[in-house]
Amino acid sequence: MKRSNKPVFWSLFAAGGMLSALIGPMLIFVTGIAVPLGFLLPSETMSYERMLAFAQNGFGKLAVLLVIPLFLFHGLHRMYHCLHDFGIHVSAVTKALFHGLSIAGTIACIYLLATL
């Protein structure tokens, strides 16, 4: 039986899907509606100083490190399979490009969080 790397990518896809389903709507509400309009939260809730302090905190770094890479893996894996659903048969190079972009985004996220 030939070994496959599919379980790794499907687990990242599933984890990103679960996180985006549970956390995504709340992030959209807070960052796109509640804070800009001053609805339920004061406008200084997402000030630069507070967001920088959050990103420098260990818990904040972990939260950012979970959200951004898992959203990337989920979104790019879904786009890859949507191309197939539309009848566009993609090659291994395209698959490597999609997964490579998500890996590059993850590495960039780790680097930027480490330099804060």
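The values are calculated or read from the model by the stated rules, or taken from the named source; none is laboratory data. Small disclaimer: the values here were computed from a predicted structure and weren't measured. Positions of Cβ are backbone-derived with ideal geometry, glycine not excepted, and every protein chain shown enters the neighbour counts. Surface accessibility is based on the protein's heavy atoms, side chains included, excluding ligands, DNA and RNA. Shrake-Rupley method; radii C 1.70, N 1.55, O 1.52, S 1.80 Å.
Karplus-derived 3J(HN,Hα) values for the stretch 24-38, using 6.51 cos²θ - 1.76 cosθ + 1.60 with θ = phi - 60°, are x, x, 5, 5, 5, 5, 5, 7, x, 10, 5, 6, x, 8, x Hz; glycine and proline are entered as x. Can you give me the C-alpha center-to-center distance between the stretch 10-57 and the stretch 71-96, rounded to a whole angstrom? Their Cα centres are 27 Å away from one another. Kindly express, to the nearest 10 degrees and within the range 0 to 90, the angle between helix 6-22's C-alpha long axis and the longest C-alpha principal axis of the chain. The helix 6-22 is inclined about 30 degrees to the chain. Accessible surface computed residue by residue for the chain, with neighbouring protein chains in place and a 1.4 Å probe, gives 70 Å² per residue.
Is the C-alpha gyration tensor of the stretch 23-64 telling us rounded, prolate or oblate? Criteria: a/c under 1.5 is rounded; beyond that, a/b larger than b/c is prolate, otherwise oblate. Don't skip to the answer; put the middle values down first.
Values: a/c = 3.33, a/b = 1.44, b/c = 2.31.
Oblate.
The value given for the stretch 1-50 is a Kirkwood hydrodynamic radius of 13.4 Å, derived from the mean inverse Cα-Cα separation. Helix 58-85 and the long axis of the chain differ in direction by around 40°, with both axes built from C-alpha atoms.
To the nearest 0.05, how large is the calculated FRET efficiency for R3 and A104 if R₀ is 25 Å and r is the Cβ-Cβ distance? Don't skip to the end; give the middle numbers.
On the way: r = 25 Å, r/R0 = 0.99.
E between R3 and A104, to the nearest 0.05, is 0.50.
Only Lys, Arg, Asp and Glu carry charge here, each on its Cβ (+1 for the first two, -1 for the last two); on that basis the chain has a dipole of about 540 debye about its Cα centre. Measuring max minus min along each principal axis, the C-alpha atoms of the stretch 38-116 give extents of 48, 32, 16 Å (largest first). Normalised by the number of residues in the chain, the average gap of Cα pairs under 8 Å and 6 or more apart makes the relative contact order 31 percent.
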